[in-house]
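Asker: Sending over a structure as structure tokens; questions will come in a sec.
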Amino acid sequence: MARIIVVTSGKGGVGKTTTSAAIAMGLAKRGHKTAVIDFDVGLRNLDLIMGCERRVVYDFVNVINGEASLNQALIRDKNCNQLYILPASQTRDKDALTLEGVGRVLEELSRDFQFIVCDSPAGIEKGAYLALYYADDAFVVTNPEVSSVRDSDRMLGILASKSRRAERNEEPVKEYLLLTRYDPGRVKSGEMLGLDDVQDILSLQLLGIIPESKSVLSASNAGIPVILDEKSEAGQAYEDVVARYLGEDRPLRFIDDKRGFFRKLFGGRS
Amino acid sequence: MSKNPQKMTTSSSVLEFKSSTFFSPILILYSNDLAAIEQSLQDKINRAPDFFKNSPLIIDLRELNKSGLDVSVIEVAGMLRKIGMFPIGVRGGNEQQDKQAHKLSIPVDAGRENDSTSATSAASSRKETETQVLERDSAENNQFRNPASSVGRMESVSAPPEPVKSMLITQPVRSGQRIYARGDLIVMSQVSAGAEIMAEGNIHVYNTLRGRALAGVQGNTAARIFCLDLQAELISISGDYKTSEHLTEQIQKRPVQVYLQDHALIIKEIA
């Protein structure tokens, strides 16, 4: 049986798709057969971040509607043969997804995948609800600012009350916090919420802090999940996240403002 | 490629069972004089036509049977339907009456002895003057004893009152969640901003309270709110409230209790 992970946040633009791509790649690189599904029907993005946009033939909605088989729609990643992408449909909207249809696809994937990463759309409407409904684990992606934290809190409430595990009174969805776009310098100067401020409100198990990094944008533009950029802090931070999720103990990195004197002087950022 | 479209709709998407409680007027009969009952009801309907139009109704025969008066459920139901009401249940009937109800596919409530709570739906009609056709019984409310009452009285009841238990919440109450407790509410975890907790009794929060907390929501002015760290958006007891604007910072991070004194909310540190 596969473990179903939902990457969710409530708020948009916080890094859900970047995170989905990175952790799916991280899990697959470690030899776990992983599928990553784009639930953002109508605003398809994951294929761009994964660099497979030119290979999309069939999509998630086709599979749900029985117009294509799962094997026809799954795209094997070009960097890692353990990773498969199920893209969203760009021409449809969220109503094309049904609870039962999503359930069938996830069940079929569960048979030969070890991890299924569901990249949730923003918001708390149908798409986000369907992405989290079947989840076993939730990666709650949060930026260190108040509206993102509030939205994450709302999402946690939905996970605790509307997921299948909640409905069936099973063990609740395991919730993890992923703090992204973290800028230690701005935290220090009080412009940004710190880890403690966020945890004061969310009190979740912290899976990792991803520092604000230029490499994220360039990785997105290149269509290569940032975790493959081993030189970047963001890539290393995602590597830590995957390791921690799989049970390894890794110290937190990139939470101190350790930019050198010259870099501070010239405003450079790694 | 869809080979079997029917297969797509499985039972799970077609229907769903949910349990819920709702209010319905109860028609308590004190007379078996159908003409008089009809006349009396018609008077009420004329006064509040919208309220009674297509109204579901539960027929209560307990008082009638206590007085040894018999009536046919078939006739009563027929009369009610004629004047535009829908009998949806019978209670307090004898064996014969229950059988008649079954024949009409009207459910029979085997119910307990006394489950009437305060009346709301027919509040207006209670005061109306009508011919007194019948004997009344030991109605628990003085208003019902008013001789101006009638052949039948109507009241609204909820489900039978169960002993009110306190509710215990151990998980965090997240933004957007609402919790309602019929009695006391005890929350062991934090209550986030944007969450709403309500109780007819007291509220205890053994953590930080950032959301809204409303105690004594049904009018219990003696209800109190207790919490370890008051950063609430709003606190209210029996309708009197304060918003965070009016909460001083001095009481934050300290255990406090909130109670009502002459319609003023008092926030006191628990020493």
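The values are calculated or read from the model by the stated rules, or taken from the named source; none is laboratory data. Note that this is a predicted model, so its numbers are computed, not measured. Neighbour counts run over all protein chains shown; Cβ positions are idealised from the backbone, glycine included. Just so you know, the surface numbers come from the protein's heavy atoms only, side chains and all, with ligands and any DNA or RNA stripped out. Shrake-Rupley method; radii C 1.70, N 1.55, O 1.52, S 1.80 Å.
Asker: About the Cα centre of the stretch A:34-125, how large is the charge dipole given +1 on each Lys and Arg Cβ and -1 on each Asp and Glu Cβ? Please answer in debye to the nearest 20.
Answerer: 320
Asker: Using a Förster distance of 45 Å, how high is the FRET efficiency between B:HIS263 and B:ILE74, based on the Cβ-Cβ distance and rounded to 0.05?
Answerer: 0.25
Asker: Follow-up. Using a 1.4 angstrom probe and counting only protein chains, how large is the accessible area of A:THR91 in Å², to 10?
Answerer: 130
Asker: Further question: Please give the length that would be gained between A:GLU248 and A:ASP95 if that part of the chain were fully extended, namely 0.36 nm times their separation in residues minus their C-alpha to C-alpha distance (nm, one decimal).
Answerer: The A:GLU248-A:ASP95 span can extend by a further 51.1 nm.
Asker: A follow-up question, please. Please return the longest range in chain A lying between exposed loop sites, taking GluC sites (Glu not before Pro), DSSP loop only, at most 13 other beta-carbon atoms within 10 Å, and leaving the sites out.
Answerer: The answer is A:1-124.
Asker: Another question about this same structure. How far is it, in nm, from the label point at B:ASN54 to the one at B:ILE270 when both lie 7 Å from their Cα along the line to the Cβ?
Answerer: 5.1
Asker: Taking all protein chains as present, what is the carbon and sulfur share of the accessible area of the stretch A:112-170, in % to the nearest whole number, probe 1.4 Å?
Answerer: Carbon-and-sulfur percentage of accessible area, whole number: 43.
Asker: Between B:LEU34 and A:SER147, what FRET efficiency comes out of the Förster formula 1/(1 + (r/R0)^6) with R0 = 56 Å and r the beta carbon distance, rounded to 0.05?
Answerer: Efficiency at R0 = 56 Å is approximately 0.30.
Asker: Would you calculate the separation in nanometres between label points at B:ILE88 and A:GLU67, each defined as 7 Å from the Cα along the Cα-to-beta-carbon direction?
Answerer: Here the answer is 4.3 nm between the modelled labels.
Asker: Further question: Need one number: buried accessible surface between chains B and A, 1.4 Å probe, both sides summed, DNA, RNA and ligands left out, in Å² to 100.
Answerer: Interface area, both chains combined: 1300 Å², rounded to the nearest 100.
Asker: Collect residues whose amide H, placed 1.01 Å from N in the peptide plane, falls under 5 Å from the amide H of B:ILE169; neighbours closer than 5 in sequence don't count.
Answerer: So B:ILE169 has HN proximity to B:ILE186, B:VAL187, B:MET188.
Asker: Please report Rg over Rh for the stretch A:16-130, where both radii come from the alpha carbon positions and Rh follows the Kirkwood definition.
Answerer: 0.92
Asker: Whole number please: convex hull volume per residue, Cα atoms of the stretch B:220-271, in Å³.
Answerer: 70
Asker: Using helices alone, what [θ] at 222 nm do you get for chain A, with -39,500 (n - 2.57) per DSSP H run of 4 or more residues, divided over all residues and rounded to the nearest 500?
Answerer: -11500 deg cm²/dmol
Asker: For chain A, take N as its residue count and report Rg(C-alpha) divided by 2.2 N^0.38 Å.
Answerer: 0.97
Asker: Sorting A:TYR245, A:TYR238 by accessible area (1.4 Å probe), largest first, what list results?
Answerer: Listed by decreasing accessible area, they come as A:TYR245, A:TYR238.
Asker: Strictly over 27 Å apart at the Cα level, which of A:LYS162/B:LYS165; A:LYS16/A:LYS231; B:LYS44/B:LYS66; A:LYS174/B:LYS268; A:LYS11/A:LYS214 would you flag in this model?
Answerer: Over 27 Å apart, Cα to Cα: A:LYS174/B:LYS268.
Asker: Given R₀ = 45 Å, FRET efficiency for A:ARG54-B:TYR206 by Cβ-Cβ distance, to 0.05?
Answerer: Efficiency, rounded to the nearest 0.05: 0.20.
Asker: Something else about it: Given points 7 Å out from each Cα along the Cα-Cβ axis, report the B:LYS165 to B:ALA222 separation in nanometres with one decimal.
Answerer: So the label points at B:LYS165 and B:ALA222 sit 2.4 nm apart.
Asker: How much length is gained if the chain between B:LYS253 and B:LYS99 is pulled fully straight, taking 0.36 nm per residue apart and subtracting their Cα-Cα distance, in nm to one decimal?
Answerer: Contour length minus Cα-Cα distance gives 49.0 nm.
Asker: Sort B:SER40, B:SER105 by heavy-atom solvent-accessible area, probe 1.4 angstrom, most to least.
Answerer: If we order B:SER40, B:SER105 from most to least accessible, we get B:SER105, B:SER40.
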